[in-house]
1. Just wondering, is there one or more residues in region 246-253 that are within 30 Å of Pro214 (Cβ to Cβ), free of Cβ contacts under 8 Å to residues at least 12 places away in the same chain and touching a Cys at 6+ places or on another chain (Cβ under 6 Å)?
2. Limited to region 129-145, what total is found for residues that are crowded, with 18+ Cβ neighbours inside 10 Å and farther than 18 Å from Ile78 by Cβ?
3. State all residues of region 43-55 that are touching a residue at least 60 places away in the same chain (Cβ under 8 Å) and not aliphatic (A, V, I, L, M); if no residue qualifies, say none.
4. Could you tell me how many of the residues in region 162-174 are closer than 23 Å to Ser287 by Cβ, part of a strand (DSSP E or B) and touching a Leu at 6+ places or on another chain (Cβ under 7 Å)?
5. Scan (1) closer than 25 Å to Ala216 by Cβ; (2) surrounded by fewer than 19 Cβ atoms within 10 Å (Cβ to Cβ); (3) under 17 Å from the mean Cα position of the chain (by Cα) for the single condition Gln277 breaks and write down its number.
6. Of a type outside the set (Phe, Trp, Tyr), buried (at least 17 other Cβ atoms within 10 Å of the Cβ) and not in a loop (DSSP other than H, G, I, E, B): is that true of Ile211 in this structure?
7. Taking region 56-92, which residues are part of a loop (DSSP other than H, G, I, E, B), out of contact with any Phe, Trp or Tyr (no Cβ under 6 Å at 6 or more places or on another chain) and free of Cβ contacts under 8 Å to residues at least 24 places away in the same chain?
Amino acid sequence: MRKLLIILPILLACAASTKVKAQNIPATRHRVMFYNVENLFDPFDDSLTLDEEFTPFGDRHWTWKKMEQKLNGIYKVILAVGEYDPPVLVGLCEVENGFVLHQLVSQTPLSKFEYRVVHRESPDRRGIDVALLYRPDRFTLQEKEFVTVRFPDEPWRTTREILYVRGLLGGDTLHVFVNHWPSKYGGELESEGGRYAAAYALKNKVDSIKIFYPDARILIMGDMNDEPESDPVARGFGACLTAETACPYDFVNLSAILKQRGQYSYKYQGVWGIIDQLIASRSMLDSRHVLYTFTGNAGVFSAPFLLEDDERYAGKRPFRTFIGFKYHGGYSDHLPVYLDLFSNK
């Protein structure tokens, strides 16, 4: 009896310890990324778009071999960003068509992870589109939509659409947007209206979601061709530069926080900036939800192999595919950005 009295408390303690461990389930990481891949074209002439320069006899002398080299570079970047676990979601821009995307996911080592592709041909004059790759073993696609960007003062003008995807990730619903806003070609102020148009198109779609799902987990990624503090991003869409409670909007620009920490994704005329952005709804920054993240979980992937010496302006710069029209053989003129999401299921 005495032995039993001694052993019983030990057994109860072990049982209690087991229960605590079972409740303290470690969160699962889901890394997502966005990457402007700098003109991922095939070498064929599409008579419906202005892609002639990306053909063997075009100004850039683009060939099948160069396309394959670029595809191999992109898959290496994606796997490197994922580290031990390849990204669950990969947002891309500056891709020509579905052909190059399917070559990427089926004819490179990415095929091992069976990535699926969400894409369609956009009305962009150059034929460059946005797309999303996802791992079907981790993300269940429920809905997709291609949001048209309209220009009220220029009804004839076209640009790439905004891709919207809804799906299940880690036991929760995630709404994802992939963007590539109009560039600053022609001057920053002169072109600003185009980025405002994209901001309004994005905001209208987001608002339509929040009418039915006020607490929706929403992630916005893309090349906005503008800095986080710019008027189209901060005022047109309404993305706050910090996660402080004083933020009047429902979205926090995580890339603005990265910029404050000295992380950048793009270098223009010797000046680093971060036009590749990750914007999260405030609901995503609440760990009480099944799917959540924190501001410190975002980053710019700046591995040494993606950089080279900047002989003109000093320091480093992205190792790009082209310098002007001259083939340079690098990865992209942008660096990828990424974000770790977590779930408790």
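1. yes
2. 0
3. Step one: list which residues in region 43-55 are touching a residue at least 60 places away in the same chain (Cβ under 8 Å), which gives 46, 48-51, 53.
Of everything in region 43-55, those that are touching a residue at least 60 places away in the same chain (Cβ under 8 Å) and not aliphatic (A, V, I, L, M) turn out to be Asp46, Thr49, Asp51, Glu53.
4. Residues that pass the stated criteria total 4.
5. Failed condition: (2).
6. Working: of a type outside the set (Phe, Trp, Tyr): yes; buried (at least 17 other Cβ atoms within 10 Å of the Cβ): no; not in a loop (DSSP other than H, G, I, E, B): yes.
No, not satisfied.
7. First pass over region 56-92, keeping only residues part of a loop (DSSP other than H, G, I, E, B): 56-63, 83-88.
Subsequent filtering for residues that are out of contact with any Phe, Trp or Tyr (no Cβ under 6 Å at 6 or more places or on another chain) retains 56-58, 61, 63, 83-85, 87.
Those that are part of a loop (DSSP other than H, G, I, E, B), out of contact with any Phe, Trp or Tyr (no Cβ under 6 Å at 6 or more places or on another chain) and free of Cβ contacts under 8 Å to residues at least 24 places away in the same chain: Pro56, Phe57, Gly58, Thr63, Tyr84.
Quick grid of which residues meet (1) touching a strand residue (DSSP E or B) at 6+ places or on another chain (Cβ under 7 Å); (2) of a type in the set (Val, Ile, Thr); (3) within 21 Å of Asp207 (Cβ to Cβ):
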{"position": "Phe139", "(1), (2), (3)": "yes, no, no"}
{"position": "Gln142", "(1), (2), (3)": "yes, no, yes"}
{"position": "Phe146", "(1), (2), (3)": "yes, no, yes"}
{"position": "Phe151", "(1), (2), (3)": "no, no, yes"}
{"position": "Glu161", "(1), (2), (3)": "yes, no, yes"}
{"position": "Tyr164", "(1), (2), (3)": "yes, no, yes"}
{"position": "Gly171", "(1), (2), (3)": "yes, no, no"}
{"position": "Asn179", "(1), (2), (3)": "yes, no, yes"}
{"position": "Lys184", "(1), (2), (3)": "no, no, no"}
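The values are calculated or read from the model by the stated rules, or taken from the named source; none is laboratory data. It should be emphasised that the depicted structure is a prediction, and the values quoted were computed from it without experimental measurement. Heads up, the Cβs are rebuilt from the backbone with ideal geometry, glycines too, and the neighbour counts pull from every protein chain shown.
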